[in-house]
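Participant: Quick one: structure below, then a few questions.
No value in this document is a laboratory result; all are computed from the given coordinates. This is a predicted model, so every value here is computed, not measured. Here the Cβ is made from the backbone with ideal geometry for all residues, glycine too, and neighbour counts use every protein chain on show.
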Amino acid sequence: MQSRNLWQATRADNTNNELIADKVRVINKLIISRTDGIGDVVLTLPLLGAIKKLHPSVHIVFLGRKYTSDVIKKCEYVDEFIDFNEIEREVLSQQIDSIKSIQADAIFHIFPNKDIARIAKYAGMPLRVGTKSRWYHWLYCNKLLNISRKNSVLHEAQLNLLFTQVFENRKVYELIDIPSYYGFSRINIHANLLQYIDNSKFNLIIHPKSKGSSREWNLDNYNELIHLLPQDRYKIFITGTAAEKSIIQSKVAINQPNVVDLVGDTTLSELIEFISHCDGLVATSTGTLHIAAMAGIHTIGLYPPIRPLFPQRWAPIGVNARYLVNGSEKCNLCKNNKICHCINSITPTEIANVLNNLKIIHK
């Protein structure tokens, strides 16, 4: 009986449109909750830009993970960052106090998290916005949006932007308009990285690995690509994490005179700034790829055709971003295999041809 009463009370809260409208009108401080990966965070930033355009005075607090903070803090639309890793270590009563101390008027649960939804409810957050597709949002949120990602044909960034329905009637933002909402402006560059840039050449970053976040292009393909690119035109940088260094070094041609091995040698902040000063980047669907697209450099993403990994959902979005994809969504060869036949059917020659038709951006 108690759970039934809670369900009925929550439904009543969700359907009181007049009350919700009043709460929307008084949003002075808003929490954006997105506690997953770097690429996911990048594709959430346009939502912040859209909100700031609609309500310039709103104070936006980004609730995220510490390892994504360097990305978040480079967005001009973020007024404050809160590390959920710190809150997660606390007991429930402390978590409630931590969220309550932010004194926010609303929270948008962009990445569904049952614990955060519960904490926000117990903290007395006036407006708590989630999606109808998560059962716990019916318990802990008082504004539900009809957003379902599983079978959607929309891009991840477009799905995130649907949260603007709280403020406006507009339904879907066009992909071509999204880059103008990134707000990726808090950029400098460390002098020790700037020394590597060769303004007489096309400065290309190759980011071969993904830490398992996407289907990967074979390292032998990257090696062949490096050999296809003329040394007198390209300065090539290999990037990745320290854990990936040994496997990359064993397969990729890092000893060529025009190749610089930066694998494991940069912080995330340094890598972001270095990317923004280069001309292009080649990678599979990783956070690094989406950073490059956001930075406006020539970005080439390599994708399988299989839902939900396909480019319709996760393509890089930027003024100079593009992707390559081969095969059919009906292809079953890759679904249960570590080696993706579809993505590896993209040839190094195809990518070299694309690169050779691009112009240097940064001088």
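Participant: Calculated FRET efficiency, N199 and V26, Cβ-Cβ r, R0 56 Å, to nearest 0.05?
Facilitator: 0.65
Participant: Given charges of +1 on the Cβ of Lys and Arg and -1 on the Cβ of Asp and Glu, with all other atoms neutral, how large is the dipole of the range 2-181 about its Cα centre, in debye to the nearest 20?
Facilitator: It works out to roughly 560 debye.
Participant: Next question. Take the chain, connect every pair of alpha-carbon atoms lying under 10 Å apart with a spring to form a Gaussian network, then pick out the residue of S98, S33, S276 with the largest mean-square fluctuation.
Facilitator: Evaluated over the chain, the most mobile residue of the options is S98.
Participant: Once you treat every alpha carbon in the chain as an equal point and sum by Debye, what is log10 I(q)/I(0) at q = 0.10, 0.14, 0.15 Å⁻¹?
Facilitator: The calculated log intensity ratios at q = 0.10, 0.14, 0.15 Å⁻¹ are -0.66, -1.15, -1.27.
Participant: Using a Förster distance of 22 angstrom, determine the FRET efficiency expected from the C-beta separation of S345 and K251, and round it to 0.05.
Facilitator: 0.70
Participant: Next up: What percent does the relative contact order of the range 246-361 come to when contacts are Cα pairs within less than 8 Å and at least six residues apart?
Facilitator: Averaging sequence separation for qualifying contacts and normalising by length gives 18 percent for the range 246-361.
Participant: Name the most mobile residue of T267, T347, T288, meaning the one with the largest mean-square fluctuation, in a Gaussian network model of the chain with Cα contacts below 10 Å.
Facilitator: T267
Participant: If you don't mind, there's one more thing I want to ask. Excluding L54 itself, calculate the net charge of residues whose Cβ lies under 12 Å from the Cβ of L54, where each Lys or Arg counts +1 and each Asp or Glu counts -1.
Facilitator: Surrounding charge for L54 is +2.
Participant: Suppose R0 equals 45 Å. What FRET efficiency, 1/(1 + (r/R0)^6) with r the Cβ-Cβ distance, do R307 and S101 give to the nearest 0.05?
Facilitator: 0.60
Participant: How big is the Kirkwood radius of the range 21-105, worked out from every pair of different alpha carbons and given in Å to one decimal?
Facilitator: It is 13.5 Å.
Participant: In addition: Given the Cα atoms of the range 191-356, and with Rh set as the inverse mean 1/r over their pairs in the Kirkwood sense, what is Rg to Rh to two decimals?
Facilitator: Using Cα coordinates only, the ratio equals 0.94.
Participant: Under the definition of Cα pairs under 8 Å and six or more residues apart, what whole-number percent is the relative contact order of the chain?
Facilitator: Result for the chain is 15 percent.
Participant: Magnitude of the Cβ-charge dipole of the chain, K/R +1 and D/E -1, about the Cα centre, nearest 20 debye?
Facilitator: 1080 debye
Participant: Normalised by the empirical 2.2 N^0.38 Å for globular proteins, what value does the Cα Rg of the range 225-287 take?
Facilitator: My calculation over the Cα atoms of the range 225-287 gives 1.11.
Participant: Find how many whole Å separate the alpha carbon centroid of the range 104-135 from the alpha carbon centroid of the range 206-245.
Facilitator: Value for the Cα centre distance between the two parts: 40 Å.
Participant: Identify which of A321, A242, A295 has the largest mean-square fluctuation in a Gaussian network model of the chain, with springs joining Cα atoms closer than 10 Å.
Facilitator: Per the Cα network of the chain with a 10 Å cutoff, A242 tops the list.
Participant: Evaluate 2.2 N^0.38 Å with N set to the residue count of the range 195-244, then give the Cα radius of gyration divided by it.
Facilitator: 1.27
Participant: What is the P(r) of the range 2-181, as percent of Cα-Cα pairs per 5 Å bin from 0?
Facilitator: 1, 8, 17, 22, 22, 17, 8, 3, 1, 0
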